[in-house]
1. Give the aspartates and glutamates whose C-alpha is closer than 17 Å to that of residue 339, dropping any in the same chain fewer than 8 places away, or say none.
2. Show me the ranking of peptides 225-234, 108-117, 433-442 by mean Cβ neighbours inside 10 Å, starting with the highest.
3. Only helical DSSP H runs with n ≥ 4 go in: add -39500 (n - 2.57) per run for the chain, normalise by residue count and round the 222 nm mean residue ellipticity to 500 deg cm²/dmol.
4. With a 1.4 Å probe and all protein chains left in place, how much accessible area per residue does the chain have, in Å²?
5. Please list, in order along segment 575-585, the HN-Hα scalar couplings obtained from phi with the Karplus expression 6.51 cos²θ - 1.76 cosθ + 1.60 (θ = phi - 60°), rounded to whole Hz, x for Gly and Pro.
6. Mind checking which of 250, 20, 372 is farthest towards the positive end of the chain's charge dipole, using Cβ charges of +1 (Lys, Arg) and -1 (Asp, Glu) about the Cα centre?
7. Would you pull out the residues with amide H under 5 Å of residue 31's amide H, same chain only if 5 or more places away, H placed 1.01 Å from N?
8. Under 20 Å Cα to Cα from residue 52, which lysines show up? Leave out anything in the same chain fewer than 8 places away.
Amino acid sequence: MCGIVGAIAQRDVVEILLEGLKRLEYRGYDSAGVAVVNSDNSEFKRVRRVGKVKALADAIHEEPCLGSTGIAHTRWATHGEPTEANAHPHISKDRITIVHNGIIENHNVLRDRLSQKGYVFTSATDTEVIAHLLESELDKASDMLSAFQATIAQLEGAYGTVAMDNQNPDHLYAARSGSPLVIGYGIGENFLASDQLALLPVTRRFSFLEEGDIAVLSRSDVVIYDQAGTEVEREISESDVVHDAGDKGPFKHYMLKEIYEQPIAIKNTLEGRIKSGVVVEDIFGPGSSEILKGIEHVQIIACGTSFHSGMVAKYWFEEHADVSCNVEIASEFRYRKSKVHPNSLLVTISQSGETADTLAALRLAKEIGYQSSLSICNVPGSSLVRESDMAYLMKAGVEIGVASTKAFTVQLVGLLLLVVAVGRHKSLSKEAERDIVSALSALPAKIEQVLDMSKAITLLAEDFADKHHSLFLGRGDQYPIAMEGALKLKEISYIHAEAYAAGELKHGPLALIDADMPVIVVAPNNELLEKLHSNVEEVRARGGLMYVFADTGANFKSDSTMKVLAVPHCEKAIAPILYSVPLQLLSYYVALIKGTDVDQPRNLAKSVTVE
Ligand code: M6R
């Protein structure tokens, strides 16, 4: 999704802006642009290109531009096609330059009003209204800050925006309303971005703008005003985020690298959180154990892959902790009336911590009476973490591939720890806790074994590359894993994939079965195995072709209608985590054969900051 970088320095900032944009590429975008101005205002230049940041960098290197103040942007089209004219930055009357993330909901009204005043629009974007509106406010206001404040007051929607006055390049103006912005502090230079990753080469000192904040950056200073216009201090913290995105190592894609990082990511997330066979107290934040003691119901909210991890957790909460649990897609939860159960814990799950729907759902949940909220999140300092009462920082390491892999399995580990932390005050025995903790300790080694299946999965992928549809089946806590497997396949290979709870086949989807519809089955050796065998026979009887990822003891045999890939035996509690790995590999190798853009699949974004 869109990315913003801004810099004001005593040196040329073009390379800083380009590097920042490169670091935001993983979020998904379709065009990019940079605008810079010299501190003596002798030169203003804007360059925009459709496509990758590399195309923008090549254009700049062919016709170099210099500037010590500048803003840059990667655009993920919402209003208007991905064209150069629609790419940011947008300009008004050669004076005001704007970049913007999010959506201005009242852009039509503003556009009409500004057109009547004589402003000429050169793009189909909602962003351009901000540039013209700010330019028009400058006529009335005493200074740029007042004009910027008056402009922001008229915007409706969720956005983060940065403005540059080309006639006064000694300041940048930024506003946050629903879309994140972080300030980076240097010495004699300051920066801002929509994600701290963009600024790690130039600073490690950051503060996060809060909702409604306006910031004015100069080379020597950053002044922040809150929603009421009062000058405020926002805490500056030292970031320990590691960004290793520049290095794919021996891997062709970040996605594959991240799949292979799962054993170490799981070790890292468990580090200091389990000890002597039990889950350590207060791992969800100071005082969290006391809060979790009183929990009688869990409400989980998330989107996409994170929603699937929440669905697995529902099975776990009700089985191991004897606590009722609902899971809901954030974009549904936020627009309906829902009931708050007494002593509920609200859990949001998000890799990025900036997903607009999840954030809005958290805010709504607080409004309607949830007393305790916990975020399971991979990005320290993200909006979800800052706005939740408790947090589990996943420590999965930066995830660059748009298709979430290691974040998913690490989310599941965090959720299983949460189930234990809640369950130990309910029905979960000490022995059961020890069993789960010991299974979790063994998980990284089990995943290494699954990664060794890679060669066999590559061969299997060849059967899929010419298919247009597929079906994923699982039962119990493997049903969400089937859903996640289907999401991965469609996301990066563009093959239509649907997931069903295997028992549901006979209620409709069986009609789809034929030799052109591969059926993928996840089959650990659990109490539902016999039922699953029957479902497999239902498919076989209708001429379906099956690919079964089965426990070594699950008694499936390869034949002309079924290819079986043996998955190492594991404890029941960790099976959903383990079985998600071969499905990740399958979708990766299918996408590789199809030649799609694995790390940045079409139309998708890593961090979905608009609703
Ligand atoms: O950052 P989040 O976990 O909140 O993101 C939610 C979804 O957008 C995300 O999981 C998406 O479904 C992934 N691209 C799936 O691979």
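The values are calculated or read from the model by the stated rules, or taken from the named source; none is laboratory data. Every value quoted in this text rests on a predicted model; they were computed, and no experiment measured them. Reconstructed Cβ throughout: ideal geometry from the backbone, glycine too, with neighbour counts over all protein chains shown. For accessibility, only protein heavy atoms count, side chains too; no ligands or nucleic acids. Shrake-Rupley method; radii C 1.70, N 1.55, O 1.52, S 1.80 Å.
1. 296, 328, 367
2. Values: 225-234: 12.0, 108-117: 14.8, 433-442: 18.4.
Ranked by mean Cβ neighbours within 10 Å, highest first: 433-442, 108-117, 225-234.
3. Working: 18 runs with 208 residues, N = 611.
Mean residue ellipticity at 222 nm (helix-derived): -10500 deg cm²/dmol.
4. Working: 22970 Å² over 611 residues.
With the other protein chains kept in place, the chain gives 38 Å² per residue.
5. 4, x, 5, 5, 6, 6, 5, x, 5, 4, 4
6. After comparing all options, I get 250.
7. 51, 75
8. Filter leaves 22, 248, 252, 606.
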